[in-house]
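Just below is one structure, and these are the notes that go with it.
Bear in mind these aren't lab numbers, they're just calculated from the coordinates by the rules spelled out. This one's a predicted model, so the numbers in the text were calculated from it and none came from an experiment. Every residue, glycine among them, receives a Cβ derived from its backbone with ideal geometry; neighbour counts consider all protein chains shown.
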Amino acid sequence: MHDIVGWLGMGRFSAAFLGVAVTASAAWAVEPAAVAQEAWSVTAASEARYFSWKSGRGTPGNVGTAPGSGSQWYVPFALQIAGKPNPDFKAEFLARGGWVRSHQSTAGLAGTVATFTDTVLSGTITYLGIDGIQPFVSLNVNAPTGKSVLPGAAANARMDGDLVGIGSFGEGWNFGPTVGANIPITESLMLTGSVGYTWRGSFNRERSSAETNPALQSETKLNPGDTVTGTVSIGY
C-alpha cells in the first residue's frame, strides 16, 4: 500500500486493493498420527495496484520539456504449496507472476504496453532430522514470460520505477541455487545463514527513445552478469 507522496517535486498516487488470498489444506495420510506430519497447504494470493503521476516533464526527463503524466495497472499473483513428504523433510514451492498495463501520456513520449511479467519459480527443501540445525537447499528460476523488448512507441511506456510499480517488463532466464541453514537459538528466535549464486542469462532490449527515433528503433543485447549473494538474518 502507498499513500500520496512526493518525488522530487512530482506527485504520485498509488492504490492497492482487491486483495485475494485463498488457503486450502489437505492431509494425504490415512493414519491420524501422520496427518500433522504430512499435511500440505496451498495458498493463492493476488491484488490490483494502480499508480498515477504528473510532472513538469515526462520520463525520461532529459527528452523534451512538455508536462508529463502517466499511469499503470499492476496485478501480481502468487501460488504456494508447502508440506512435509515425511517427518524429516519440509518442502515449499512458489510461483509468482503478474500482468501490467503501463501508459505514458506525455506529448512526444506517449506509449502503451500491456503484457504479462516474467514468471518466478522457486523451491526449497529443508531437512529437519538434525537437532539444533535445519539445513536447506533452494532453487530460484526466472522464466522470460514477459516482454524485454518494447517495439516502437510502446518503449515510451517504460517509466521510472520511482513513478510506477515496475519499470521493466521482462529479462532473460535466471537460475539461482542457494544453500543455507536455520539454527534455532530459542523457541522464538531463529538464526539463518545462506549463500547463493545466480546465473543471469542475456536478453535483448530496445534502445531508449532518448537515443533513437522509435520509427528507426534498433535492439541491443544485454548481459547483466552473474551474482553471488550471502545472507545472515535473525528472526524473532
Report, ordered by chain and residue number, the lysines lying within cross-link reach of Lys221, taken as a straight Cα distance under 20 Å and ignoring same-chain residues fewer than 8 apart. Lys147
Selection from Thr106, Leu163, Asn182, by position along the positive dipole direction of the range 94-236 (Cβ): Thr106
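Based on the mean of other Cβ atoms within 10 Å per residue, sort peptides 103-116, 80-93 so the most packed one is first.
So the order, starting with the most tightly packed, is 103-116, 80-93.
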Using a Förster radius of 35 Å, what is the FRET efficiency between Ile130 and Thr43 based on their Cβ-Cβ separation? Nearest 0.05, please. 0.80
Hey, can you grab everything whose amide H is under 5 Å from the amide H of Leu128? Only 5+ residues off in sequence or another chain; H modelled, so Pro and N-termini drop out. Phe89, Lys90
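To the nearest 0.05, how large is the calculated FRET efficiency for Arg207 and Arg57 if R₀ is 30 Å and r is the Cβ-Cβ distance?
Working from the Cβ atoms, E equals 0.90.
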